[in-house]
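The values are calculated or read from the model by the stated rules, or taken from the named source; none is laboratory data. Predicted, not measured: the structure shown is a model, and the values here were computed from it. Neighbour counts are summed over all protein chains in view; Cβ atoms, including those assigned to glycine, are modelled from backbone coordinates with ideal geometry. The accessibility values were calculated without ligands, DNA or RNA, using every heavy atom of the protein model including side chains. Shrake-Rupley method; radii C 1.70, N 1.55, O 1.52, S 1.80 Å.
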Amino acid sequence: MCINDGNRRDFLKTAAAAGVGIAGVQALAAPGAAQAQERTLDFGGSLALTNVRVFDGNGLTTPRTVVIDNGRIGISALGARKIDCNGAVLLPGLIDAHLHLQDLGTLQQLTAYGVTTGLDMACFPASRADSLRNQPGLTDIRSACTPAVAPGSPQSHIPTFPADGVVTGPEQATQFVRARVAEKADYIKIIVDEPGLSPETIKALVKAAHSAGKLVMAHAVSAALVERALTAGVDMIHHVPLDSPLSPAVATRYSVGGPVSVPTLTMMEGFAALGIPGFDYAAAEGSVTALRRAGARILAGTDSNRTPGIPVQPAFGVSMHHEFELLVRAGLTTREVLNSATSLPAQAFGLRDRGAVRVGYRADLVLIDGDPLADIRATRNIQRVWVGGIEYAPAA
């Protein structure tokens, strides 16, 4: 456990009551803003974490010192406030590659469980995502904003779903992408479903998105739909089939030059448990095993949401650690799992300032007890969390 002068949680409560050293998180019209202020500390100056073992993408380093300076990983510990971490393990901040933003409470929950970057895969209206961007000391976000859906699809019937998210044919692809760029979407999301968008429309959307310099995310939950997404040339395929495992031949298409996979096993497990005919979690797990054997890039994503009408709603933050355990059961090594939530999503989404504990990178850090390479469940033993150098009290 990381050692400090006294019990940190008790100090946090005392400091909050006295108004000492509390980082003022901008309040939004959402529940929990006061709680966020009480859980966030910013003492100013630089901080040196001494005697800490760092996960460097391959293994754990010998005990060393990591400096936090002005929100970034610094160089010199001269004059820094020191914290002896007593051999605890320091991870880069975790990145959830598939979730659905709700409100400020979403960010609070994510931060408390060490998820310092959240990649939203559908959030509307666009003003909701805008209101959650750049919140000091809380999870940093990116968003797809409005996804492309087919007329008559379940998504199109959501009362608040934007009309310009319904794409009737390939001739509307450019218009759809322009609308997403205008609402500051960071990437483009396409719902590949049956019945749904035609193959020609999907290909037109991919072409328009790439012309606009945007990555394309595809939602696909059956083996046939995965093949349709592969044929369209999308950049990432979210979810894995619940009807049958991906064949070795299809899994190979994800490898060199192919799309990234975000299996969301937590969500697949939840839907399989509903007893829907034809849904089998073994198919999802088998698909991940096949993808790993084929050398595909696999990212950790939970599909956490509080969307009305969705029967499976993984909890924000804590479900990330469950996702890790499911990925290990599907055949990934613990090292691969840690990379799936740090360096790999940073690379895949072009986030060049995070994903590793490296000088100059954002000080997005998670300090844990235990060795996650020996037992991935150690990631649950969170002692401290920093987002952009601002400390946030972890979940109990």
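At a glance:
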quantity	calculated
Check on residue 241, touching a helix residue (DSSP H, G or I) at 6+ places or on another chain (Cβ under 7 Å), modelled with pLDDT of 95 or more, under 25 Å from residue 267 (Cβ atoms) and open to solvent by 20 Å² or more (accessible area, probe 1.4 Å)	no
Qualifying residue in region 177-190 (condition: within 26 Å of residue 54 (Cβ to Cβ) and touching a Lys or Arg at 6+ places or on another chain (Cβ under 9 Å))	no
Qualifying residues in region 199-220 (those that are in a loop (DSSP other than H, G, I, E, B) and free of Cβ contacts under 8 Å to residues at least 40 places away in the same chain) - the one nearest to residue 291 (Cα to Cα)	220
Contacts under 8 angstrom Cβ, first residue in region 280-295 being among the β-branched types (Val, Ile, Thr), partner crowded, with 17+ Cβ neighbours inside 10 Å and in a helix (DSSP H, G or I), 6 or more apart	288/265; 288/327
Filter result for residue 296 (open to solvent by 10 Å² or more (accessible area, probe 1.4 Å), over 26 Å from residue 230 (Cβ atoms) and in contact with a strand residue (DSSP E or B) (Cβ under 7 Å, 6 or more places away or on another chain))	no
Pairs with Cβ under 8 Å, 6+ apart, first in region 45-58 and among the basic types (Lys, Arg), second assigned to a strand (DSSP E or B) and buried (at least 20 other Cβ atoms within 10 Å of the Cβ)	53/89; 53/90
Selection count where residues are open to solvent by 40 Å² or more (accessible area, probe 1.4 Å) and out of contact with any helix residue (DSSP H, G or I) (no Cβ under 7 Å at 6 or more places or on another chain), scope region 158-173	7
Residue in region 306-315 that is touching a Leu at 6+ places or on another chain (Cβ under 9 Å) and closer than 26 Å to residue 71 by Cα present	no
Residue that is buried (at least 21 other Cβ atoms within 10 Å of the Cβ), small (Gly, Ala, Ser) and either touching a helix residue (DSSP H, G or I) at 6+ places or on another chain (Cβ under 8 Å) or within 19 Å of residue 303 (Cβ to Cβ) (or both), where the choices are 212, 251	251
Candidates 354, 358, filtered to the one that is open to solvent by 30 Å² or more (accessible area, probe 1.4 Å) and at negative phi	358
Conditions (1) in contact with a helix residue (DSSP H, G or I) (Cβ under 7 Å, 6 or more places away or on another chain); (2) not in a helix (DSSP H, G or I); number of the one not met by residue 307	(1)
Residues located in region 113-149, provided they are open to solvent by less than 10 Å² (accessible area, probe 1.4 Å) and not in a strand (DSSP E or B)	114, 121, 123, 129, 132, 137, 138, 139, 144, 145, 146, 147
From the options 260, 226, 250, 256, residue that is within 17 Å of residue 291 (Cα to Cα) and at pLDDT below 95	256
Residue ID - farthest from residue 233 (Cα to Cα), chosen from residues in region 256-281 that are touching a helix residue (DSSP H, G or I) at 6+ places or on another chain (Cβ under 8 Å) and in a loop (DSSP other than H, G, I, E, B)	273
Checking residue 290 against (1) in contact with a helix residue (DSSP H, G or I) (Cβ under 6 Å, 6 or more places away or on another chain); (2) part of a helix (DSSP H, G or I); (3) buried (at least 24 other Cβ atoms within 10 Å of the Cβ), the condition it does not meet	(3)
Members of region 174-190 found to be among the aliphatic types (A, V, I, L, M) and buried (at least 24 other Cβ atoms within 10 Å of the Cβ), listed by number	177, 185, 188, 190
Selected residue [open to solvent by less than 30 Å² (accessible area, probe 1.4 Å), over 15 Å from residue 92 (Cα atoms), out of contact with any helix residue (DSSP H, G or I) (no Cβ under 9 Å at 6 or more places or on another chain) and in contact (Cβ under 8 Å) with a residue 40 or more places away in the chain] from 363, 348	348
Top-ranked residue in region 80-97 [being farther than 19 Å from residue 379 by Cα and of a type outside the set (Val, Ile, Thr); ranked as surrounded by the most Cβ atoms within 10 Å (Cβ to Cβ)]	80
Enumeration of residues in region 357-396 that are under 15 Å from the mean Cα position of the chain (by Cα) and in a loop (DSSP other than H, G, I, E, B)	364
